Amino acid sequence: MKTPTQIVYDDDISLQTVHIDIELGNLCNWACTYCPKKSHDGSIPWVDKNNLIKFLDQACTHYKSLGKKYFDFNFLGGEPTLFKHFVEITNWIKQQDFYSNVEMMTNGYRKMSYWEKNIKSFDTVSITHHAENADPLHTKTVADFVVDNGKYASVSIPMIPWEWDKCMEHIETLMHSKHPFNVSPKTLLKDFGGKNIPYDYTDNQKKILNKKFRFNQLSNKHKKYRKGINATKLVANQANRFLGYTCYAGIDIISINKVGGLRLGGNCYVQHKGFTDKKYYDDNIAFPQGPTICTQKICSCLPDVQTRKYINA
């Protein structure tokens with residue numbers, strides 16, 4: 001498979017949406033074998049709640065001026081639900097005067113009492129089911145509960161080459177759910193993307209990675225961002241090489257990494273003066289005004305792969 005000459009959205013709303021990835025910290029309750037220590041050991045403190053809210057307020061004001069009407073806030077960790085101020089931040093977002101989608105990337109381990117108490121503070125719950133540690137019956141119960149409450153749930157399964165059969169068994173359990181929430185495989189990258197190359201999957205495993213186990217059959221009234229692009233398939237086939245492309249990272253997506261640094265995409269290292277050299281708590285942040293030229297050989301982050309871009313003739 002060749003890298004496509006362009007990535008386009010199949011709906012107009014996506015053009016009016018900005019996606020903001022926020023890594024709250026690196027503390028997780030699990031330590032999966034394929035996950036680098038720095039992604040779960042709690043060595044980095046949680047973000048400062050007040051400074052984060054100040055930054056988000058500035059960002060939303062800027063992107064409104066560029067015509068953005070929809071704001072996707074995607075919270076990551078570590079495990080976001082471990083952060084004691086997490087719900088306070090999502091509740092602040094809910095009080096703002098724009099259309100928002102509050103999303104989290106979670107391993108779903110929390111007891112049902114947590115979800116029952118806080119479900120109104122979220123719109124989209126994206127569960128990453130780690131077969132080494134997770135209970136598929138609990139993951140299924142949480143996802144069904146999210147849908148029961150009018151929210152959107154999805155489950156992705158990192159496909160561990162050395163635990164492939166176990167992953168497939170867990171998928172079978174997840175597929176016997178009350179609601180037909182999205183269930184999809186996730187291609188594991190070595191060092192969780194640090195080397196930007198997948199593990200050595202067999203040809204048959206690659207075929208499985210190229211398709212979702214169950215396409216979303218639920219209406220997602222909350223999530224309106226970048227529909228119709230199979231980024232997992234592009235990454236699995238190494239068709240994610242956009243060096244030299246004009247890319248809308250910084251316009252359609254920005255992020256805060258674990259140490260508070262600003263980036264043009266979820267895992268983008270393209271530089272933008274006054275933005276990528278800043279932290280979220282700094283003054284005089286210069287938000288991007290237009291697209292940029294990609295300087296990365298490989299685009300490993302799924303939201304970054306999905307971001308609109310085109311090859312320069």
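The values are calculated or read from the model by the stated rules, or taken from the named source; none is laboratory data. Quick caveat, the model's predicted, so the values are computed rather than measured. Note: areas computed on protein heavy atoms with side chains; ligands, DNA, RNA excluded. Shrake-Rupley method; radii C 1.70, N 1.55, O 1.52, S 1.80 Å.
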Note to self: Keeping all protein chains in place and using 1.4 angstrom, which order do Glu88, Glu23, Glu116 fall into by accessible surface area, from largest down?
What the structure shows: Glu116, Glu88, Glu23
Item checked: Percentage of interatomic Cα-Cα distances in the stretch 117-210 larger than 24 Å -> 26
Checklist line | Accessible area of Trp162 in the full protein assembly, 1.4 Å probe (Å², nearest 10) | finding: 130
Next item on the list: Nearest 5 is fine: what % of DSSP beta bridges in the chain come out antiparallel, could you say?
Entry: 25
Next item on the list: Any chance you could check the Cα centroid distance between the stretch 254-278 and the stretch 49-95 for me, in angstrom?
Entry: 16
Note to self: Could you work out the pair-distance distribution P(r) of the chain from its alpha-carbon pairs, with 20 angstrom bin width and percents rounded to whole numbers?
What the structure shows: 33, 62, 5
Next item on the list: Take each uninterrupted DSSP H stretch in the chain, measure its Cα extent along the helix axis, and return the ones at 30 Å or beyond whose mean Kyte-Doolittle hydropathy is at least 1.6.
Entry: none
Check: Ignoring ligands, DNA and RNA, how do Cys60, Cys28 rank by accessible area with a 1.4 Å probe, largest first?
Finding: Cys28, Cys60
Margin query: Please report the accessible area of Trp30 (heavy atoms, 1.4 Å probe, ligands and nucleic acids excluded) in Å², nearest 10.
Written below: 50
Item checked: Hydrodynamic radius (Kirkwood) for the stretch 1-85, which is based on Cα pairs only, to one decimal in Å -> 15.4
Check: Counting pairs of alpha carbon atoms under 8 Å apart in space and at least six apart in sequence, what relative contact order in percent does the chain give?
Finding: 21
Check: Using a 1.4 angstrom probe and counting only protein chains, how large is the accessible area of Asp12 in Å², to 10?
Finding: 120
Margin query: Can you sort Lys140, Lys64 by solvent-accessible area, 1.4 Å probe, largest first?
Written below: Lys64, Lys140
Note to self: Based on Cα coordinates alone, diagonalise the gyration tensor for the stretch 73-117, multiply each eigenvalue by 5, take square roots, and list the semi-axes in whole Å, largest first.
What the structure shows: 20, 12, 10
Notebook entry, point to check: If you roll a 1.4 Å probe over the chain with all protein chains in place, what percent of the accessible area is carbon or sulfur?
Noted result: 49
Item checked: All-pairs Cα distance distribution in the stretch 227-298, expressed in whole percent, bin size 10 Å -> 20, 47, 27, 7, 0
Item checked: For the chain, accessible area per residue (1.4 Å probe, heavy atoms of protein chains only), Å² -> 45
